[in-house]
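A.B. asks: Let me give you the structure first, and then I'll get to my questions.
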């Protein structure tokens, strides 16, 4: 299996997103730039791993992202329209609310590689917490 392993986290001092390799030292988390030795201290609760997939606009999909899904399988009423990217049981998944049955459900994120699926990152749990209300 060959995939790029990288992380993102929000810098402690200037609150910008930093992307690269993750290093943990005690209770501190640091992300080092992939192309240089520079590193930034990040808030550890904002660290998320890259899933290895990009959305339909070419943006990387990270753990903690909110995504909009347009997927037309045979049973389209059961697919999420909006959800949060999480790691569940060792798989990248989209956690969403399934209204007809009023339950929380999960869809394997790798369905997003299906040519009939369009997935778009619309925010994340750290910058857009208000989107949690729409789950």
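The values are calculated or read from the model by the stated rules, or taken from the named source; none is laboratory data. In this text the structure is predicted, and so the values were computed from the model without any measurement. All Cβ positions, even for glycine, are placed from backbone atoms using ideal geometry, and neighbour counts span all protein chains on display.
A.B. asks: Quick one: count up the residues across region 1-21 that are surrounded by 19 or more Cβ atoms within 10 Å (Cβ to Cβ) and in contact (Cβ under 8 Å) with a residue 24 or more places away in the chain.
C.D. replies: Taking region 1-21 and keeping what is surrounded by 19 or more Cβ atoms within 10 Å (Cβ to Cβ), we get 7-10, 18, 20.
Right, trim to in contact (Cβ under 8 Å) with a residue 24 or more places away in the chain and you get 7-10, 18.
The qualifying residues number 5.
A.B. asks: Here's another thing I want to ask about it. Which of the numbered conditions does residue 68 fail, given that it passes all the others? Conditions: (1) more than 19 Å from residue 131 (Cα to Cα); (2) at pLDDT 75 or above; (3) surrounded by 13 or more Cβ atoms within 10 Å (Cβ to Cβ).
C.D. replies: (1) is the only condition that residue 68 fails.
A.B. asks: Moving on to the next point. Taking region 31-42, which residues are touching a residue at least 24 places away in the same chain (Cβ under 8 Å) and surrounded by 14 or more Cβ atoms within 10 Å (Cβ to Cβ)?
C.D. replies: Of everything in region 31-42, those that are touching a residue at least 24 places away in the same chain (Cβ under 8 Å) and surrounded by 14 or more Cβ atoms within 10 Å (Cβ to Cβ) turn out to be 31, 40, 41, 42.
A.B. asks: Still on this model: I'm told residue 49 meets every condition in (1) crowded, with 17+ Cβ neighbours inside 10 Å; (2) at pLDDT 90 or above except one. Can you identify the failing condition by its number?
C.D. replies: (1)
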